[in-house]
1. With the requirement that a residue be touching a helix residue (DSSP H, G or I) at 6+ places or on another chain (Cβ under 7 Å) and modelled with pLDDT under 95, what does region 166-181 give you?
2. In the same structural domain as residue 313 (by TED's automatic domain parsing) and either at positive phi or crowded, with 19+ Cβ neighbours inside 10 Å (or both): is that true of residue 235 in this structure?
3. One residue is enough: does region 252-266 have a residue meeting the conditions at pLDDT 95 or above and over 21 Å from the mean Cα position of the chain (by Cα)?
4. So how many residues does region 254-285 have that are over 20 Å from residue 157 (Cα atoms), more than 6 Å from ligand 1 (Cβ to nearest atom) and assigned to a loop (DSSP other than H, G, I, E, B)?
5. Could you please give the count of residues in region 166-196 that are over 27 Å from residue 63 (Cα atoms) and not in a helix (DSSP H, G or I)?
6. Please determine whether any residue of region 292-299 is modelled with pLDDT under 95 and away from ligand 1 (no atom under 16 Å from the Cβ).
7. Regarding region 203-226, can at least one residue be identified that is closer than 24 Å to residue 367 by Cα, part of a helix (DSSP H, G or I) and touching a residue at least 60 places away in the same chain (Cβ under 8 Å)?
8. What do you reckon, is residue 284 over 18 Å from residue 199 (Cα atoms), more than 17 Å from the chain's Cα centre (by Cα) and within 13 Å of ligand 2 (Cβ to nearest atom)?
Ligand SMILES: Nc1nc2c(ncn2[C@@H]2O[C@H](COP(=O)(O)OP(=O)(O)OP(=O)(O)O)[C@@H](O)[C@H]2O)c(=O)[nH]1
Ligand SMILES: [Mg+2]
Ligand SMILES: [Zn+2]
């Protein structure tokens with residue numbers, strides 16, 4: 001427990017806005033402020049804070065080149081500079097994230113320490129959902145992001161371009177990564193599998209949220225079909241139109257969780273966000289549009305839900321670079337299990353005698369589509385493995401792997 005450990009760091013924002021007037025750090029840490037709890041702060045973050053250099057904890061709402069929009073507790077409200085004029089000049093912020101009760105919106109530039117960290121490692125770029133520490137700054141913005149606290153989970157997209165490779169964090173510190181897929185016009189099972197690989201490798205709880213459940217004639221049958229390709233993941237069917245099926249998400253959010261939404265453009269991510277938040281905080285695609293494949297959402301943004309928790313909306317994913325092979329074993333857990341029963345430990349499941357995978361195809365217990373999908377993603381990973389840098393693969397910490405294994409042992413769905 002953090003309260004048992006003396007800390008030289010001050011966990012709450014200072015009363016004074018002036019850089020020179022930071023109060024001396026208290027001898028013992030204060031309990032987390034209520035506004036921070038609303039943002040998802042907990043004892044473990046308090047511990048991380050104690051181990052970090054001094055600074056004011058804040059959560060990244062939106063991240064841009066060289067600066068971030070962050071939420072900080074303001075106690076009393078208005079004490080921190082909200083930078084409203086500059087915010088307007090910079091193109092505005094999501095309307096739900098203005099000064100909000102005891103939370104204040106701050107635009108913060110990167111501190112020189114962060115600039116150096118990013119130069120050494122692209123994954124150090126602050127991402128939506130990150131917990132950061134702010135320090136007062138004499139620059140254009142009164143606060144600077146000095147430190148990104150170690151991420152609990154991260155959705156990392158591998159990016160390979162012209163021989164060089166680096167990862168991009170799409171969502172940080174999500175408790176649930178929801179693969180969002182529309183039930184209409186049709187469900188793309190291969191896309192769900194691919195996105196699930198990303199969700200599993202994040203270290204967060206993987207969910208599949210099937211949207212537009214008001215459209216198909218038999219949504220339950222469709223959901224069951226998806227559940228078959230998503231072992232260990234929670235599968236829910238929702239309709240933003242009727243509000244049906246939102247309870248599991250509402251329950252998880254109500255407990256303070258951060259839910260990140262990943263999916264193709266048009267899947268209904270922003271519509272779902274609006275339904276959960278209870279307002280039009282994010283623009284959704286107009287019903288009558290010919291812009292097929294056009295992206296409506298262009299930024300990754302964290303939105304607070306009034307009854308608790310936060311939703312991280314993302315733009316539709318066109319290409320999804322996979323970052324780790326272990327995640328494929330999670331997505332295709334039944335193939336992984338079968339492969340352990342093959343006669344040869346290096347069986348490629350093509351022509352080998354005693355192949356348990358081929359036997360399962362033969363007797364119909366494993367659908368051919370499933371094996372094809374697995375092979376396709378595996379080929380892609382192998383092709384990429386030579387090019388993607390070791391650091392990116394190392395981004396999957398042992399702790400994340402252990403967490404994934406725990407989910408496998410105790411799947412959310414029987
Ligand atoms: N009938 C029905 N339509 C829905 C539902 N959810 C979303 N839609 C429609 O699907 C279309 C796309 O929704 P968006 O929320 O903009 O999709 P998105 O995933 O945010 O797309 P990008 O921002 O481009 O990534 C819109 O026309 C929505 O009205 C639903 O539950 N039922
Ligand atoms: Mg959107
Ligand atoms: Zn085999």
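1. 166, 167, 169
2. yes
3. no
4. Qualifying residue count for the region: 9.
5. 7
6. no
7. No, region 203-226 contains no residue that is closer than 24 Å to residue 367 by Cα, part of a helix (DSSP H, G or I) and touching a residue at least 60 places away in the same chain (Cβ under 8 Å).
8. Considered against the rule, which asks whether it is over 18 Å from residue 199 (Cα atoms), more than 17 Å from the chain's Cα centre (by Cα) and within 13 Å of ligand 2 (Cβ to nearest atom), residue 284 comes out as yes.
The values are calculated or read from the model by the stated rules, or taken from the named source; none is laboratory data. Predicted model, so just to flag it, every value in this text is computed and none were measured. Quick reminder, even Gly has a Cβ in these numbers, built from the backbone with ideal geometry, and neighbours come from all protein chains shown.
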